[in-house]
2 protein chains.
Amino acid sequence: MSNSLSDDYTEKGKGGVALRSLDAFFNPRSVAVIGATETLGFGHVPTKNILSHQGVKTYLVNIKGGKVMGVDVFRSVRELPEVVDLAVIMVPSGAVIEVIKECAEKGVRHVIIESAGFSETGEEGARLEREVVKIARANGMRIIGPNCVGVVNTSNMFTTADVDVAILVKGGVAFVAQSGVFGTALVDRACSEGLGLSKVVTLGNKCDVDEVDVVEYLADDEETKVIGLYVEGVKPGRGKKMIEVFKRTSAKKPILVLKSGRTEAGSRAVRSHTGSLAGSDKVFDAAIKQSGAIRVESIDELFYTAMVLASQPLPPDGGVAILTNSGSLGAMMCDELETLGLKLATLLPETINGLRKAAPPWASCANPVDVGPAVVESAMPAVELLGSDPNVGAIVMIFAIPGIVSSPRYFNADLTPFFEILGETASRTGKPTVVLGFGDERIIKMAESGFKKKQIPVLRNLTLTAKAIAALYKYKQIKGGSK
Amino acid sequence: MSNSLSDDYTEKGKGGVALRSLDAFFNPRSVAVIGATETLGFGHVPTKNILSHQGVKTYLVNIKGGKVMGVDVFRSVRELPEVVDLAVIMVPSGAVIEVIKECAEKGVRHVIIESAGFSETGEEGARLEREVVKIARANGMRIIGPNCVGVVNTSNMFTTADVDVAILVKGGVAFVAQSGVFGTALVDRACSEGLGLSKVVTLGNKCDVDEVDVVEYLADDEETKVIGLYVEGVKPGRGKKMIEVFKRTSAKKPILVLKSGRTEAGSRAVRSHTGSLAGSDKVFDAAIKQSGAIRVESIDELFYTAMVLASQPLPPDGGVAILTNSGSLGAMMCDELETLGLKLATLLPETINGLRKAAPPWASCANPVDVGPAVVESAMPAVELLGSDPNVGAIVMIFAIPGIVSSPRYFNADLTPFFEILGETASRTGKPTVVLGFGDERIIKMAESGFKKKQIPVLRNLTLTAKAIAALYKYKQIKGGSK
């Protein structure tokens, strides 16, 4: 038995009754926070985050009444002076049905249920969840959750999640996660590593809205340049629609998909986590390939590939050029790129001649271009030369600059301006550029801050750098094929 | 034509003439720095580092004489008042032969040639290098280099390399790298990430001392618990000796091997980097398997696997137990572990019952154990229960704790004491434990500092965490097999 509305909505969609847009989840003009609480624990942070948002009219609702965070509380949705665009429910699961009924009566059509205690806990919870779905369906309501933390939208800084609003970074990556804990951690990591987000959605038990709906919405979202999905299972019957929506969306922007439950152990784990049926990995894999989405193998790959796809242009024709100050890391990068099926650029004779003039005699001017200790002098002309070589489609720069250069006990140099100028040079080439920083963390941080101005990502993991570059080429092919 | 002494030395070794130990490279009582210089650039940092070392009698040598860094300079090795244990040569390549001759005459038997401009630059350089080898051979000298930065020894803090001595962290990992730039970057990274080092050697062109010699030496080095090698190619004729030495050494301590030149592009790159012949990867792989060393696939895997092997005990019988506060990350970890051929522990009924008592009703008490938001309350009893379950061989803890917990704008909690107590609990179990931190960097840093006391590593990459755990099981098998 399906406890999902999705299929029915899809059917209705087909039959001509338009699906209600998800937009009110991200851009509500008014919100009711039901189960609003000042008590530290579940519900506190969403209450605080929604309440402190200036652009959204917020009503707090709690059966106990009184005041929460200094604001008068309504005892019921019925008492609200207007029909809110969105209700966020955080009451115990046993009270959710009553609240949903009130929302339905009031005319509220978008609801996020953050409360846990539904199908993930067993039969009684599943029964409750079916009841929720029934009411929603009868009233044309759309529901995210239950068992989630809802959404983050950086374009208006609206969020229903347990995240630190003050540190959210705007950008082009949208993440769709299943559980709230993981979605929150993904947002935290993005904030910590300076990955710019557009929107984040945690779907929880997916009683109605699922990743297919969200991708369909994000396809037209101007802020979103890359969609990253973490999926534990696709609801039965949604495969065809998924392929259709992903195909249409992939023609506009890349979709990265990480799916767990690939193995027997993983499959058991997702079953007990969100009740998801991982299904056959081969079937899923074939569907993803057909859909034009890009499957990634790990959460770290999802994260950094999204970062690179969101910030870099697609490569023109040509192979990868490596500029390095470490021959060893250059050789390792060659291995990784070739293993991923990428070609190293064959540099034009004039490029090689130019490099010979720009670098000391002992530098290696083939590809990889290894300028060794002459990196500060030679990197800029090298990037210019590589950038203007038509055989070069993408540039990887590898910096393993000794820590003594920046150490206050030795040379105490600030390399930030060097990296900044190099970033400008690379950016002017119009070719995608990714930097691998290896070694001293202080210098890598200088690279990050120098390259940031031109949105050139600095990664620390060699394999993931290669994989991100490979994804640029792969998406170019997908986009070309979908025209 | 071989420009390597190694084979000859090996032959001599077989014939009964003992090889001169490498010990003087790491523990010299006296050192001559030849080409000592105050000028910023090549040679400055080694001069400064060696000179400022209190336990080593240092003589500066420079044909120009005068004073360097306030110290009187000898014009030649001949003028030195004693036969030094070690000479470090940093003069231009053209002057090296003369210096080597002087060292030979003087009776110096250990020489590090940091100067570049030898076989890596072409035929003329190769000729010079053969000449160096000839003199060394005739005088029973051992040579590291040329084209390297020599050694780091944290037990006496002696180094001939371009590293910041003040931040070196003592520990059980020895790295052997080929080039100086990469070796230095590896040391820098270790310092930045708190990886404790015992010794680091950069071998450069390997005209005499190669990785086989170094592994043989490190096998008996008490400080070294794990040996991590980066190799571009094995010198012709050394394969058999390599297998023999690695086999003997692997019975005592794990050897991790990263080799580049796996692919055609990588193979071309190493040829132009250190003139190494990458050789057939299949042959190398078979040799490594036979030798009991563990081959790793990336520099990041080498780094973190070394970190885990050096700090954790080998697992007793039993599978892997996962404790997590994110079901998603738990499921991903299951996938990774199973893909690597590891088994998840089947928990005893009493463990599961204990977990049910220790965790809230909604927690998942199978393996992975997912305690969700109840992580602070439930993690400690959970670790104790997993630790005492005989079916558990190793524990992976995954923390994806929301950043708001530590954010000054929200709960401002310091979780360091929590992690510290958890580390003590995990350590008492006697089972290897690795932590994966995901999300907010401030909290991951708290985890690092809390777990540090019991040397439990905190990693940030899920795949590499799984691979490091797999290496523990693999080395257990290797060690068991070699008894």
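The values are calculated or read from the model by the stated rules, or taken from the named source; none is laboratory data. This one's a predicted model, so the numbers in the text were calculated from it and none came from an experiment. Because the Cβ atoms are built from the backbone with ideal geometry, glycine has one as well, and the counts that use them run over all protein chains shown. The area values use the complete protein model at the heavy-atom level, side chains included, leaving out ligands, DNA and RNA. Shrake-Rupley method; radii C 1.70, N 1.55, O 1.52, S 1.80 Å.
With its label point put 7 Å out from Cα toward Cβ, B:Met69 sits 5.8 nm from the same residue's point in the other copies, in order from shortest. Nearest chain B C-beta to the B/A rotation axis, reported as residue and distance in angstrom, is B:Asn461, 3. Considering only alpha-carbon pairs that sit under 8 angstrom and 6 or more positions apart, the relative contact order computed for region B:362-483 is 23 percent.
Counting heavy atoms of the protein chains only and a 1.4 Å probe, report the per residue accessible area for the protein assembly as shown as a whole number of Å².
With the other protein chains kept in place, the protein assembly as shown gives 36 Å² per residue.
Most simply put, the protein assembly as shown has about 15% antiparallel DSSP beta bridges, counting only bridges with both residues inside it. With its label point put 7 Å out from Cα toward Cβ, A:Ala251 sits 6.7 nm from the same residue's point in the other copies, in order from shortest.
Here the alpha carbons of region B:365-422 define both size measures, Rg and Dmax, at 13.1, 44 Å.
With the full set of protein chains in place, find how many percent of the accessible area of the protein assembly as shown is carbon and sulfur; take the probe as 1.4 Å. Display every interim value, and only then the final one.
Values: 18820 of 35080 Å².
With neighbouring chains kept in place, the figure for the protein assembly as shown is 54 percent.
Think of region B:149-212 as having a plus end and a minus end, set by charges on the Cβ of Lys, Arg, Asp and Glu; of B:Val209, B:Leu168, B:Gly150, B:Leu168 sits farthest toward the positive end of this dipole. For A:Gly228, the amide hydrogen comes within under 5 Å of the amide hydrogens of A:Ala174, A:Phe175, A:Val176, A:Leu256, counting only partners 5 or more places away or on other chains and with H modelled in the peptide plane. Maximal additional length on extending the A:Gln455-A:Lys170 stretch stands at 101.3 nm, based on 0.36 nm per residue less the C-alpha distance. Suppose the Debye formula is applied to equal point scatterers at every Cα of region B:140-253; what is log10 I(q)/I(0) at q = 0.13, 0.14, 0.15, 0.22 Å⁻¹? For the requested q values the scattering log ratios are -0.45, -0.53, -0.61, -1.26. Subtracting the Cα-Cα distance of B:Arg248 and B:Val283 from their residue separation scaled by 0.36 nm leaves 10.6 nm.
Nearest 100 Å² is fine: what is the total accessible surface buried where chains A and B meet, probe 1.4 Å? Summing both sides, the interface buries roughly 5400 Å². Tell me, which longest segment in chain B has none of the GluC sites (Glu not before Pro) that fall in DSSP loops with at most 16 further Cβ atoms within 10 Å? Longest gap between qualifying sites, sites excluded: B:298-483.
Taking the Cα centre of chain A as origin and assigning +1 to Lys and Arg Cβ atoms and -1 to Asp and Glu Cβ atoms, the resulting dipole is close to 840 debye. Report the percentage of all Cα-Cα pairs in chain A whose separation exceeds 29 Å, rounded to a whole percent. The calculated P(r) of chain A puts 53 percent of pairs beyond 29 Å.
Accessible-area rank, largest first, for A:Arg428, B:Arg20: A:Arg428, B:Arg20, with all protein chains present and a 1.4 angstrom probe. Burial here means at least 30 square angstrom less accessible surface with every protein chain in place than with the chain by itself, probed at 1.4 Å; in region B:179-220 the buried residues are B:Val181, B:Phe182, B:Ala185, B:Asp188, B:Arg189, B:Ser192. Compared with the alpha-carbon gap, the fully stretched path from A:Glu131 to A:Ser76 is longer by 17.8 nm at 0.36 nm per residue. In degrees between 0 and 90, to the nearest 10, how far off the longest principal axis of chain B does helix B:416-428 point, with axes built from Cα atoms? The helix B:416-428 is inclined about 90 degrees to chain B. In terms of distances greater than 22 angstrom between alpha carbons, the cross-link table entries A:Lys235/A:Lys289; B:Lys240/B:Lys467; A:Lys282/A:Lys343 yield B:Lys240/B:Lys467; A:Lys282/A:Lys343.
In region A:39-178, Rg over Rh equals 0.95, where Rg is the alpha-carbon radius of gyration and Rh the Kirkwood radius from pairwise Cα distances. Peptide B:159-167 has a mean shielding of 4, counted as Cβ atoms of other protein chains within 10 Å of each residue's Cβ. Taken over the protein assembly as shown, the ratio of Cα radius of gyration to 2.2 N^0.38 Å equals 1.01. Ranked by solvent-accessible area (1.4 Å probe, protein heavy atoms only, all chains present), the residues A:Lys235, B:Lys134 order from largest to smallest as B:Lys134, A:Lys235.
Taken residue by residue and averaged, Cβ atoms of other chains lying within 10 Å of the Cβ of B:431-443 number 3.
Helix A:6-15 versus the longest principal axis of chain A: what is the Cα-based angle in degrees, 0 to 90, to the nearest 10? Helix A:6-15 sits at roughly 90 degrees to that axis. Each label was represented as a point 7 Å from its Cα along the Cα-to-Cβ direction; for A:Lys479 and B:Arg20 these points are 6.1 nm apart. Think of it as helices only: each DSSP H run of n ≥ 4 in chain A is worth -39500 (n - 2.57), and spread over all residues that comes to -13000 deg cm²/dmol at 222 nm.
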